Structure formats: structure tokens, C-alpha cells
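Just so you know, all these numbers are worked out from the coordinates, no wet-lab data involved. From a predicted model like this one, the values you see are computed outputs, not experimental measurements. Cβ atoms come from the backbone with ideal geometry, glycine included; neighbour counts cover every protein chain shown.
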């Protein structure tokens with residue numbers, strides 16, 4: 001997978017930018033605040049239709065402009081994909097794939113594969129379960145693009161049920177709740193089955209990588225804890241999970257009416273990561289946590305490479321400044337050859353050989 005060119009218009013601080021990167025390693029060097037991360041954010045937006053900073057779309061539009069434009073062309077297996085996105089300061093964005101409206105994010109995910117390493121990747125390990133759920137969902141969408149629409153449908157029904165509970169409480173219409181619970185158990189079972197499948201793919205890879213990236217190898221394992229279900233069998237079918245979710249929703253209804261929120265379903269699940277039976281979130285050292293966080297991203301990269309047969313585009317946003325030299329070199333050793341974008345304020349921190357680019361508020365030029 002390769003990005004042939006990128007154009008940004010009124011995106012963040014860039015009024016106009018055109019960038020034609022090299023096919024291999026691209027190191028973007030510039031002072032803080034010059035827009036290095038914004039370039040990577042634009043590339044990531046083309047693949048995922050969201051900011052990897054979790055920023056709202058409106059914040060991507062340059063001050064004083066009504067709309068930001070992000071355009072780029074990717075190629076893989078002799079097939080090119082032109083993605084064009086208009087992001088308004090208010091209202092809904094417009095997305096085109098090869099000049100036509102895609103059916104959804106799934107169609108773009110099927111054509112564009114990308115993995116991003118970010119300075120705050122420690123959040124995947126140290127913060128709440130939503131971060132780990134998000135990681136699994138992003139990986140699942142890249143492996144099975146249709147999962148994007150499945151997850152979207154599930155989230156929509158959860159919002160509908162929560163809105164009903166908040167508005168009506170114990171006065172909520174029972175028939176409406178029955179319909180929503182049926183939808184939740186059906187859609188939620190698919191989401192849960194996807195997550196369990198991606199856990200089965202990623203866990204052994206992360207365990208292997210932890211031993212290679214860390215100076216203190218240990219036994220790494222994951223426990224998927226499903227809200228209302230405990231630890232489901234990873235081989236469970238969507239049909240069996242649907243029955244379990246339906247029963248759990250029925251059992252939780254009285255409590256949900258009291259609390260006015262949906263307490264059962266994949267949106268409440270947790271993934272507990274362990275090193276030698278110690279919870280990585282609360283009982284691991286900073287070095288152990290960082291090695292696990294790196295392992296999570298490299299594992300996603302490896303799984304995508306294995307599934308698609310070509311390396312995904314790789315974004316490394318100021319990652320090496322956060323790593324000691326040894327761990328940085330070990331990380332580089334785990335990355336297969338492909339197109340890579342690296343940002344840094346100090347060129348000497350980047351242990352990669354490739355094209356060097358100088359980034360300023362005026363744009364990008366070869367160093």
C-alpha cells in the first residue's frame with residue numbers, strides 16, 4: 001500500500017499543501033507547531049474518516065474558512081484509489097471514492113490499509129476500557145471492512161435505547177424496548193463475535209512482540225470481559241452470543257430503567273491485559289506498559305500485512321522521542337519494508353534511513 005500524493009486545503013494551519021512522498025521511508029522534520037502531525041492526520045483521515053487525535057471534524061477546518069479539503073491517491077496491487085473529502089465547519093462532510101460516493105467507511109477500509117503509532121498510545125494500556133475497545137474495533141474494520149457498518153448499526157441502536165431510557169425511565173414503552181433489545185442482541189452478537197475473533201488474531205502476536213521489544217520478557221495474555229456475560233468462549237458463534245445477550249438484556253432491564261442507561265452489551269466490555277498474571281494497567285512498570293503499547297500497534301500492522309499480502313501505510317508520529325534508543329531500534333527491526341511516514345523535531349532521533357523532508361508552515365520540501 002502506498003500513498004502517491006496528498007493535498008490539503010484549509011486543513012488545520014495549511015491553506016494549501018501538495019505532497020508527493022517517496023515509496024519507502026519519509027521522515028518529516030520540523031519545529032513543533034509547523035504542521036508535521038497535521039500532515040499525518042490528513043493521511044490518516046483519508047483511510048479512517050476520522051482524526052487520529054480524536055478531534056471533532058469542525059476543528060480540522062482552518063480559522064476563517066467554511067470548509068477543509070483532504071485529497072489523496074493510494075495504490076496497492078496495481079489498483080489505485082482516489083479519496084476526496086470535504087469537511088465543512090458546520091454540517092456533514094462529503095466523501096468520494098474514485099469520484100463516487102462510497103457505500104460507507106467499509107468500502108474505503110477495503111481499499112486503504114493504514115496503521116498509526118502515536119505519542120499517546122500508552123492510553124491504550126493505561127486509560128479506560130473505551131480505548132481498548134476502540135483499538136479492537138479499528139483492527140477489526142481493517143481485517144474485515146464490513147465490520148465498519150456492523151459497528152455503526154450497533155452504536156445507533158444503543159443511542160436509541162439510551163435516549164428512550166433517559167427520556168422516559170420507568171414510563172418507557174415495553175413494546176419499543178422489546179424491539180430495541182432484539183436489535184441490540186442481534187447486532188451486539190455480531191460485534192462481540194468480531195472482537196473475539198480479532199482478539200484471537202492479535203493476542204499471540206502481541207505476546208511474541210512483547211518478548212522481542214521488552215528487556216524483561218514475560219507471559220502476556222488477554223481476558224475479554226463481556227458486560228453481563230463474563231468471559232465468553234472465543235470460539236462462540238454469533239448465534240450463541242445472540243441468545244446470551246438477549247437473556248442478559250432481559251435480566252438487566254429493571255436496573256437499566258432505574259439507571260436510565262444500557263448496561264449490557266459490547267459498548268460496556270473490557271479487555272484486561274496481563275503480564276505474568278499482573279494487570280498491565282495497574283501493576284506493570286512504565287517500560288512494560290510502553291512495550292505492550294508498541295506491541296499492540298506492531299501486531300495490528302503484522303496482521304494486516306498477513307491478511308492483505310502488502311504492508312499497510314505506516315504513520316509514526318513523534319514516536320522515537322518517547323523511546324529509549326534500544327527500544328526504538330528493536331521497534332524498527334519489527335517493521336517490514338513498506339511506505340512509512342515519521343515525524344520528529346530532531347532528525348538524529350529517527351533511526352530510519354529514507355527520504356528527508358523539511359516541514360514548515362509554508363509546506364513540505366525535500367531536505
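Sorted ascending by nearby beta carbons within 10 Å, beginning with the fewest, 357, 222 become 222, 357. Here the chain is described by how far its Cα atoms reach on the three principal axes: 65, 51, 36 Å, from widest to narrowest. Largest mean-square fluctuation among 290, 53, 105, in a Gaussian network model of the chain whose springs join Cα atoms under 10 Å apart, belongs to 53. With the cut-off at 1.5 for a/c, could you classify the range 179-222 from its C-alpha gyration tensor as rounded, prolate or oblate? Cα axes put the range 179-222 in the prolate bin.
For the options 36, 103, 126, a Gaussian network treatment of the chain with springs between C-alpha atoms closer than 10 Å singles out 103 as fluctuating the most.
For the range 146-285, the relative contact order comes to 31 percent (Cα pairs under 8 Å, sequence separation of at least 6). For the range 282-314 versus the range 336-350, the inter-centroid distance based on Cα atoms is 17 Å.
Is the shape of the range 24-138 best called rounded, prolate or oblate, per the rule: a/c under 1.5 gives rounded, else a/b larger than b/c gives prolate, else oblate, with a ≥ b ≥ c the square roots of the Cα gyration tensor eigenvalues? Rounded shape, in that the Cα axes give a/c under 1.5. Of 266, 325, 21, the residue with the greatest mean-square motion in the GNM of the chain, using alpha carbon springs below 10 Å, is 325. Averaging the sequence gap over all C-alpha pairs within less than 8 Å and six or more residues apart, then dividing by the number of residues, gives the range 258-333 a relative contact order of 12 percent.
In terms of other Cβ atoms within 10 Å, 170, 267, 18 run from fewest to most in the order 170, 18, 267. In terms of the Cα gyration tensor, with a ≥ b ≥ c the square roots of its eigenvalues, is the range 214-295 rounded because a/c is under 1.5, prolate because a/b exceeds b/c, or oblate? It is prolate, given that a/c is not under 1.5 and a/b is the larger ratio.
Extents of the range 146-285, taken as max minus min of Cα coordinates on every principal axis and listed largest first, are 58, 30, 22 Å. For the pair the range 1-25 / the range 239-267, the C-alpha centres are spaced 45 Å from each other. From its DSSP helices (H runs of at least four residues, each -39,500 (n - 2.57)), the chain gives a residue-normalised ellipticity at 222 nm of -14500 deg cm²/dmol.
Only Cα pairs under 8 Å and 6+ residues apart enter the sum, and on that basis the relative contact order of the chain stands at 25 percent. If you take the beta carbon distance between residue 130 and residue 353 as r and set R0 to 51 Å, what does 1/(1 + (r/R0)^6) give as a FRET efficiency, to the nearest 0.05? It comes out at approximately 0.85. Here the simple spin-label model places points 7 Å from the Cα toward Cβ, and for residue 31 and residue 361 these points are separated by 0.9 nm.
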